[in-house]
1. Test residue B:262 against the criterion of being free of Cβ contacts under 8 Å to residues at least 40 places away in the same chain and surrounded by fewer than 17 Cβ atoms within 10 Å (Cβ to Cβ), and give yes or no.
2. Considering only residues of region B:32-50 that are of a type in the set (Lys, Arg) and exposed (fewer than 11 other Cβ atoms within 10 Å of the Cβ), which is nearest to the other protein chains (Cβ to nearest Cβ)?
3. Please tell me if residue A:61 is over 27 Å from residue A:125 (Cα atoms), part of a helix (DSSP H, G or I) and within 7 Å of chain B (Cβ to nearest Cβ).
4. Taking residue B:373 and the conditions (1) surrounded by 18 or more Cβ atoms within 10 Å (Cβ to Cβ); (2) under 26 Å from residue B:35 (Cα atoms), which numbered condition does it fall short on, given that it satisfies the others?
5. Any idea how many residues of region A:165-179 are crowded, with 18+ Cβ neighbours inside 10 Å and out of contact with any helix residue (DSSP H, G or I) (no Cβ under 7 Å at 6 or more places or on another chain)?
6. Please list, ordered by residue number, the strands (runs of 3 or more DSSP E) wholly in region B:199-302 having 1 or more residues that are closer than 30 Å to residue B:430 by Cβ and more than 14 Å from every other protein chain (Cβ to nearest Cβ).
7. Any chance region A:1-11 includes a residue that's buried (at least 16 other Cβ atoms within 10 Å of the Cβ), of a type in the set (Val, Ile, Thr) and at pLDDT 90 or above?
8. So which pairs qualify, if the first residue must be in region B:372-393 and under 21 Å from residue B:252 (Cβ atoms), the second must be among the acidic types (Asp, Glu) and at pLDDT below 90, the Cβ gap must be under 7 Å, and the two must be at least 6 apart or on different chains?
Amino acid sequence: MPENTSHLPVTEQLLIKGCIAGNRAFQSKLYDLYAPKMLGVCMRYSRNKQEAEEILLEGFLRVFTYIKKYRGSGSFEGWIRKIMVNCALFKYRSKVHLHPVIDLKIAGYEVAGEIDIASNLDAKELLILVQSLPVGYRIIFSLFVFEGYKHREIAKLLGISEGTSKSNLADARALLQKSLMIKEQLIANNGL
Amino acid sequence: MNEDVHHIDNLLRSTLEHYEEIPSPAVKESLNAILDKKDAEAYKRKYEAWKRIAILVLIMLSGYILYESGTENINADHSKESSISKNTGIPGKPQMQDTITNISTAAIDNKLMNKHNIISTSTNRPPIKKNYWSTNKKVPPKLSILTLRNKSGIDKLSHPLINSSYKMQQPTFNYTLLKNKVINIEQLNKGRHFKPYWMITGWASYEQMNYRLDSDLPNAITSIRHREVHEPSFSGGIFSTLQIKKQWALQTGLVLSHTSIGISPQKIYAFQEPAGSVAFKYITSSGYAYIKPGTGAPPAVGDSLNTAEAKHILESFSVPLVVKYVLERNKFSFRPGIGIEANLMTSANVEVEIEETPSKEVVFINKLNGAKPFYWSLTADVELQYRVNNKMFLTFRPSFKHALSPITEDNVVETFPYSFGLGMGMTYKFR
C-alpha cells in the first residue's frame with residue numbers, strides 16, 4: 001500500500017489497494033473511472049483517436065504495473081495523467097523533429113488581430129486544430145499550455161534548448177491562430 | 001500580440017482541459033488480454049523459485065547420499081584390508097595377533113559358540129614365536145583361539161593361520177568364516193539394543209484422482225460429474241521417517257500435488273454478482289467464478305453463453321503424519337501406514353474458451369470463489385522397500401488418500417477428492 005493515501009477518497013484508496021493486489025475487478029473499475037479523462041489527455045498529444053488509444057493502453061498497463069510505487073504524495077489522477085503524458089512523449093520522442101529557433105517576423109507569420117471565435121468552435125473542433133499541428137509543435141504546446149511545464153522543463157524533458165522550445169511554441173501558436181482565422185472565415189462565409 | 005497569445009492559450013486550456021472521450025471497447029479488450037497473459041506468466045513464474053530450490057535440494061541430497069555410500073564402501077574395504085595386513089610389515093600377510101584380538105573383543109557368548117561349534121581352545125594354543133609375530137606386542141593372556149570341532153569330536157586346530165604359525169610361508173587362511181562370525185555377533189548385539197534412526201525418502205507418484213460430491217441438488221451433482229473428467233495427475237515430495245521401535249515408525253514430510261481436470265463444453269448463464277454487476281457464472285467441482293467476456297454487450301440476468309472445453313488445474317501442498325508398521329525379511333521391508341494429511345490448496349484455476357465471441361476469447365480464471373484453501377484428508381500407503389546397501393533403499397509406494405473435509409464452501413456441491421497413487425523413490429537411512 002502507498003505510504004500516505006489518507007487524503008484520497010475511500011473509493012480511490014480501495015481501488016488502489018485492489019489494483020496492487022492484482023484484482024482484475026478493481027483494475028476494471030479503475031480503467032472505467034479514469035479512461036475517458038485520460039483519453040482526453042492522450043488526444044492532445046496524438047494525431048487522431050487511434051493513436052491516442054494506443055497511448056492510453058500503454059499508459060494503463062504502466063499504471064497497473066507501477067501502482068505499488070505510487071507514494072500518495074499528490075493526487076492519484078495527477079499521477080495517472082503524468083504516466084499518460086510520459087507514454088505519449090515516449091511514443092513520439094523518436095518522431096519529433098523540432099525546428100530550430102526562427103524569427104517569427106522573418107518567417108512571415110501574420111499574427112492575427114483579435115480572435116474571438118471561442119463561442120463558435122466546440123471542444124472537438126479545437127482539439128482537431130491542436131492535433132493538426134506538427135508533432136513537435138503539438139507536444140511542446142500541450143506540455144506548456146495544458147500541463148503547465150516551463151520552457152526549461154520542456155527543454156530538459158525533450159533534450160532540446162530552451163530557445164528551441166520557445167520558438168516551437170511560438171510557431172505552434174501562430175499556426176493555431178492561422179487555423180482559427182481560417183475557421184472563422186469559413187464560419188463567416190457559411191453564415192452569409 | 002501577447003494578449004492574443006494568452007487568449008489562445010486560455011481558450012484552448014479552458015476548452016480542452018476537462019475534455020473527455022469514451023475509448024472504444026477494443027482498448028479494454030486488448031488491456032484485458034494483455035493482463036490475462038501477464039497473469040498467466042506470473043502464475044507460471046510463481047513457483048519457479050520453489051521448483052529450483054526443490055531440484056537443488058534433491059541434487060544435493062543425491063550427491064550427499066552417493067558420497068556417503070562411497071565413503072562407507074571405501075571404509076569397509078579399508079578396514080578389511082587393514083585387519084588383514086595391519087602390523088605385518090608385509091603387505092597382504094595377516095598378523096596373528098590382530099586377528100585374535102578382534103575375535104576376543106567381539107564378546108562371543110557361549111550360546112553362539114555352541115551353535116557354530118566354536119569352542120575356546122586356549123589350551124591348544126601352540127607356542128608363538130614372539131620375534132616372528134610381532135616385535136612389540138604380546139598376545140593377551142586371556143586370548144581365545146577359535147577352532148572348529150570335527151565330526152569325531154576331537155578338537156582340531158583348524159585355523160590355517162595357527163597351523164601356519166610353524167610355516168609362515170603360506171599365510172592365507174579362511175578369514176571369511178571368522179569375519180562372518182564377527183558380523184553375526186555384532187548384529188546380535190544391535191538387535192538387543194535398538195537405537196531410533198531417521199530415514200529420508202524422495203519420491204514421485206502417478207495418481208488417478210476422483211471425488212465424492214454431496215449436494216441437496218442431485219442435478220448439480222449429475223451435471224458436474226457428466227462434464228468433468230479427471231486426467232492423470234502427479235504428486236511428489238520428501239518423506240522423513242523416524243524409526244522409533246524396531247517395528248514402528250512415524251513419517252512426515254512435504255507433498256506437492258498437481259491435479260488436472262478436463263471440463264466439457266457447456267452453456268453458462270448470467271447471474272447478478274454480490275457486488276451488483278451481472279456476469280456469467282462458471283461452476284466447477286472446486287468452486288465458481290464470474291466471467292465477463294471482453295466483447296459484446298454487457299449481459300442481463302438469465303443470458304446464456306456457450307463455452308468450449310476448459311482445463312481445470314488444482315495444486316496443493318500437503319503435510320502428512322503417518323504411523324507405520326515395519327516388517328523386514330532379507331533385503332525387503334514392508335511398511336504399511338495410515339495417517340492424516342493437512343492440505344493447503346495453493347491454486348485452483350480454470351482456462352476456458354468462449355465460443356460466441358468473434359475471436360474465440362480465452363478467459364483465464366485464476367481464483368475460484370467457494371474453494372477452501374485448507375482441508376484435511378486421510379492417507380494410507382504401503383511402502384515396499386528393497387535394500388540396495390546398508391543405507392540406500394529402493395521404494396515402491398502404492399497409496400490412497402481421501403479428503404475428510406470438503407474442498408469447497410458456498411458452492412452448489414461439497415467436494416471430497418480422493419486418489420489412488422503409485423509412486424517410486426529412493427530412501428536413505430541415517431544411522
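The values are calculated or read from the model by the stated rules, or taken from the named source; none is laboratory data. These numbers come from a predicted model, not from an experiment. FYI the Cβ positions are ideal-geometry reconstructions off the backbone, even for glycines, and counts take in every protein chain you see.
1. So residue B:262 does not fit the description; no.
2. Filtering first and then ranking leaves B:45.
3. For residue A:61, the condition - over 27 Å from residue A:125 (Cα atoms), part of a helix (DSSP H, G or I) and within 7 Å of chain B (Cβ to nearest Cβ) - is met.
4. Condition not satisfied by residue B:373: (1).
5. Here the count works out to 1.
6. Correct list: B:228-243, B:248-263.
7. no
8. B:391/B:68; B:391/B:72
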